[in-house]
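Student: Encoded as structure tokens, here's the structure I'll be asking about.
The values are calculated or read from the model by the stated rules, or taken from the named source; none is laboratory data. If you're wondering where the values come from, they're calculated on a predicted model, not measured in any experiment. Cβ placement follows ideal geometry from the backbone for every residue including glycine, while neighbour counts extend to all protein chains displayed. These accessible areas exclude ligands, DNA and RNA; they are computed on the full protein's heavy atoms, side chains included. Shrake-Rupley method; radii C 1.70, N 1.55, O 1.52, S 1.80 Å.
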Amino acid sequence: MKKTDLKSCPDWLLKADTFEEDVEMGYDNKVIWKGGTWRSGIWKGGIWKEGTWEKGTWKGGFWKKGTWKSGTWEEGIWKMGTWEEGIWKGGIWKDGFWEDGIWEGGTWEDGFWKGGTWRSGLWQGGTWKKGTWKRGLWEDGSWEYGLWEGGIWEDGTWKKGLWEYGTWKDGTWEDGTWKNGIWEVGVWEDGIWKGGLWEDGVWESGVWERGIWEEGYKTVGQGKWQCYYNTVLGYIRIGCMDKTIEDWDLFFESDKVIDTPRDTYEFFKIHQSYLVAKAAMEAETNMGDIN
């Protein structure tokens, strides 16, 4: 029904500019918005079931679904829908599509981020398509492209983009450019490393320009099992087994079979990968001794 037909319509709803609204009063005199267009005004609580929000300020309540075009969200729970533009200050985002805008704080649980600026807050899961991340805590999810300026990355998959600074705790880096920061552990598949501190993890491929390498495994070879080497620990890893060069030499000179039969092309590729890893490890170790 129209808001003017409600027996106990709150003043904030009467003052708002609305069009073809369909509203009712629910339990404990809470407003239930069932449809229509919110043109401007201040929303002070209740349930939004469906409709279009053009602009205004949302101060609290529960948003089920609909389209948000512009305005400021201060607090509340967003369940589903499309956010086109605006400023999000706090609250819980459960799912939906974020097209553009500024995120200043709150918790993102799941959904698709297509563009905009993230200033602070907690990201728990979902897909980041593009945009600028300034700071905050990323717990898990998929980053497809964009600019990361600072913050903490706990886990997830980074597909491509530019990392300027921050702390990477774990996850998989597929491609992109890392300029500076701290890498604690994880898998680096490809990309460009320009500077920063690498503490531990697995480096599979890419370009290392400068920085500090403390510990971790680099990979070589294209056999059935990946072949990694770690000059700090003095181990070469084939598959999931770590051995010194001396121990691997004894293995390849023996008749012992761990998994792959010796009289196969696959075993030949594994052996060749090991020889490359051995040469690279010895070369890096010797260079370190010279320096």
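Student: Given 4 °C and 1.567 mPa s, how large is the Stokes-Einstein diffusion coefficient of region 124-207 in µm²/s, with Rh as the Kirkwood radius over Cα pairs?
Tutor: On the way: Rh = 12.2 Å.
Calculated translational D: 106 µm²/s.
Student: While we're on this one: Using a Förster radius of 45 Å, what is the FRET efficiency between Met1 and Arg135 based on their Cβ-Cβ separation? Nearest 0.05, please. Intermediate values should be presented prior to the final figure.
Tutor: On the way: r = 46 Å, r/R0 = 1.01.
Taking R0 as 45 Å, the efficiency between Met1 and Arg135 is 0.50.
Student: When the chain is treated as a GNM, springs tying every alpha-carbon pair under 10 Å, which of Asp249, Asp190, Asp175 comes out with the largest mean-square fluctuation?
Tutor: Comparing Asp249, Asp190, Asp175 in the GNM, the peak value goes to Asp249.
Student: Could you work out how far helix 265-290 tilts from the main Cα principal axis of the chain, as a 0 to 90 degree angle to the nearest 10?
Tutor: It is inclined by approximately 90 degrees.
Student: Evaluate the relative contact order of region 87-127 (contact order divided by residue number), counting alpha-carbon pairs under 8 angstrom at least 6 apart; express in whole percent.
Tutor: Values: 106 pairs, mean separation 15.3, N = 41.
Once normalised by length, the contact order is 37 percent.
Student: Gly35's amide H: which non-local residues (gap 5+, or another chain) put their own amide H closer than 5 Å, with H modeled 1.01 Å from N in plane and none for Pro or chain starts?
Tutor: Asp22, Glu50
Student: If the label point is 7 Å along Cα→Cβ of Lys44, which residues in region 61-83 have backbone nitrogen under 17 Å from it?
Tutor: 61-62, 74-76, by backbone N distance to the label point.
Student: Pairs to check: Lys34/Lys114; Lys7/Lys44; Lys34/Lys130; Lys79/Lys159; Lys94/Lys114. Give those whose C-alpha atoms are more than 23 Å from each other in this structure.
Tutor: Lys34/Lys114; Lys34/Lys130; Lys79/Lys159
Student: Could you give the nm distance between label points at Ile92 and Phe62, where each point is 7 Å from its Cα heading toward the beta carbon?
Tutor: 1.1
Student: Averaged per residue, what accessible area in Å² does region 159-261 show with a 1.4 Å probe, protein chains only? Write down the numbers at each step before the final one.
Tutor: Details: 5200 Å² over 103 residues.
Computed with neighbouring chains in place, this is 51 Å² per residue.
Student: Determine the share of the chain's accessible area contributed by carbon and sulfur atoms, expressed in whole percent, with a 1.4 angstrom probe.
Tutor: Working: 6970 of 14440 Å².
After summing per-atom areas, the C and S share lands at 48 percent.
Student: Rounded to the nearest 0.05, what FRET efficiency is calculated for Arg262 and Leu233 with R0 set to 45 Å and r the Cβ-Cβ distance?
Tutor: On the way: r = 27 Å, r/R0 = 0.60.
The pair Arg262/Leu233 has a calculated efficiency of 0.95.
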